Structure formats: C-alpha cells, structure tokens
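The values are calculated or read from the model by the stated rules, or taken from the named source; none is laboratory data. Keep in mind it's a predicted model, so treat the numbers as computed, not measured. Counting neighbours? That spans all protein chains shown, and the Cβs are built from the backbone with ideal geometry, glycine included.
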Amino acid sequence: MFISWNSFKRRYDVCVVLGIVLFLAAFVATSFALAEPGNTPRPEAVIVRALGACAIAMLHAVLWIGPLARLNSRFLAALYNRRHLGVLTFLVGLAHAVASLGYYHGFGIVNPFVSLARFSPGVVPFEWLGVAALVILFSLAATSHDFWNRTLGPVGWKALHISIYFAYALLVGHVLLGSATEQPLLRITILIAAAITCTLHLVAGVREVYRARPAHERPEPGWIDAGTTSAIAEGTARNVNLKGGHAVAVCKHKGEVYAIGGRCVHQGGPLAEGRIIDGCLTCPWHGWQYVPATGASPPPFQEQLPVYQVRIVGDRIHLREQAGTAP
C-alpha cells in the first residue's frame, strides 16, 4: 500500500528541521556565552560539537518514540513519521562526521582519511566507533522507503532496522571515550539518557508481554471468551492473543463486532491500538487500512488479513480460535 505525502507529513518535517536549527543555534550561543574570558572556543570546534550533540539527541528521540507510543497514545503522532526523523538524524550525523574530519584531520600533509585511519588516542579509537555507527545509520536511512520493506519483507526489514540499537551502543561509546573524557557533565548526561532509553524499552516490553498473554476462558472447544462488548468503545479495537502468540484485533464498527489479524502487513504494527477511520481499521504506525468485516485493504490495494468468526452471547464476545474465510 502506498503511503501518500500529506500536509501532516510536511508540517512534521518542517517542525523537525526548525527544531534542528534552533538546537544548533542555542548550542552555539550557549557555548560562547559560557566560555571563560580569554578562552573563547574556535567557531569550527563549536559547530562540530553542536552537530554531534544534535545528532545524538535526535537518535534518543528516535529510540524513545517507540516505547512512549506503546505506553501513551499521545505519542503516536510522532511515531507516524519516525522514519523521517531517522533519515534526518543520519544527515545531521553525517554533517558532524564531515566537519570533524575536516577540522581535526584536514590541515596536515596527510590525506584526511589516512590521518583518521592512523589516529588512535587510546585502546579503543572512539572515532571509529562513530564511523561504524554512521555506516549503520546510513544503511537504515537508505532502506527507509517502502520499496525496501516490500523487497525484504516486513520480517527482514524489521530485522535490519533493529541494528539501530547496535548503532546506539557504538555512539554511546563514541561519546564516553571521546568528548566525555574531558567533560564530566556530558558523561553524566549521556549515562542518564542511556538509562532512560533502557528503562523505557524495558517497561514497554514488560507491558507488551503482559498484553500478549493468551486468553484461557473457553466457553466450548474451538472458541475463546474475548471479553465484553461494552469494553470496546465504538470505532476502537482491543487485542486478543491466541495460542502461539497470534494477535487478533477485535473492533467495533457501527455497533457490530469484528475480528481480524492483529498485525499490519506493512511492518507488523499493532492494529488493536488503531481506530476506525473512513470505515477501516487504521494502523497507528503508518496509516495502512483494513475493512473490519473482510480484513482486506480498500481498493485498489490488495493486502489481506485473516478473519475470525465472532458471536455475541449476552454481552460476551466469543471468538473462533481458527481464522476463517472472509465473507
């Protein structure tokens, strides 16, 4: 399914770019304002540090959006275009790398890349940690388009993009073994940020495991009790997990209850966290849509999710454990 460019995406990108400009301006202004008399920093060095600080701050935002969106739906708007933020993070990181290469290795008689290759201020050359992280971020930015999602498949694409956590670990090492060795406040800041990152993912993961516990109540063989109809608000959905970890999105539309596969075919987004828009259950991640009664994407798209039979007994929702054929 093609995700069209819309006004929200444009506003999102404008806000991110404006945020980058404001961050860089504030960093540069603060660096000169807090400089000790007679020890004014070189503008080139300040720009290098500003770009580096901006890049790693943006990477933290990229990593925090996911778990925050799982914990609070208010963050779903930021998640919707997280790939845009990821690409911009790479570009800012690339600008930092180019500026660093030019400033620290570009004024000698040796080629800057050769100088970088020879440079090893400690047991672990922190600059090469940054280079390795930048290569990973480039691979993620280059494969962010849906063409690669279709080519690699949702599972393959997701497996590739999980490497962002390896890039993050490399960048934390890059900062701790580099600039932070001479700046205790920076060292404390990056450690606190890393602790917040780990905590957010841990809390979101525990919550997801709790949600993934399968329902056990069976009114009769082949059926499970999926809760009450009153527990699902009109136009929303709830998640029910079957044996084997299969997620089902049970939704209510125009007073009727429907059940379809709970994972979006695009990138495995949790459909139960979406809502009904224009008569379709809409994935909260990137807006892919499915008709509740059939599990099919609206024409001309051809994606299809499994459909589960539902029956209402009193106020209870009974769900067939095996997927059936769309009506």
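List the pairs whose first member sits in region 235-249 and is over 15 Å from Gly269 (Cα atoms), whose second member is outside any strand (DSSP E or B), and whose Cβ atoms are under 8 Å apart, counting only residues at least 6 apart or on separate chains?
Pairs that qualify, where the first residue is over 15 Å from Gly269 (Cα atoms) and the partner is outside any strand (DSSP E or B), are Leu242/Pro214; Leu242/Ala215; Leu242/Glu321; Lys243/Pro214; Lys243/Glu321.
Give the residue, chosen from Val131, Val87, that is within 16 Å of Gly173 (Cβ to Cβ) and at pLDDT 85 or above. Reasoning before the result, please.
Values: Val87 fails: within 16 Å of Gly173 (Cβ to Cβ).
Going through Val131, Val87 in turn, the sole match is Val131.
Conditions tested, residue by residue: (1) surrounded by fewer than 19 Cβ atoms within 10 Å (Cβ to Cβ); (2) within 18 Å of the chain's Cα centre (by Cα); (3) assigned to a helix (DSSP H, G or I).
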| residue | (1), (2), (3) |
| --- | --- |
| Leu22 | yes, no, yes |
| Val28 | yes, no, yes |
| Gly38 | yes, no, no |
| Arg49 | no, no, yes |
| Pro67 | no, yes, yes |
| Arg74 | yes, yes, yes |
| Leu85 | no, yes, yes |
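Determine whether region 257-271 contains at least one residue that is of a type in the set (Gly, Ala, Ser), touching a Gly at 6+ places or on another chain (Cβ under 6 Å) and buried (at least 19 other Cβ atoms within 10 Å of the Cβ). Spell out how you get there, then give the answer.
Initially, region 257-271 is screened for residues of a type in the set (Gly, Ala, Ser), giving 259, 261-262, 268-269.
So of that shortlist, the ones also touching a Gly at 6+ places or on another chain (Cβ under 6 Å) come out as none.
Checked region 257-271: no residue is of a type in the set (Gly, Ala, Ser), touching a Gly at 6+ places or on another chain (Cβ under 6 Å) and buried (at least 19 other Cβ atoms within 10 Å of the Cβ).
Can Leu85 be described as in contact (Cβ under 8 Å) with a residue 60 or more places away in the chain and aliphatic (A, V, I, L, M)?
Numbers: in contact (Cβ under 8 Å) with a residue 60 or more places away in the chain: yes; aliphatic (A, V, I, L, M): yes.
So Leu85 passes the test.
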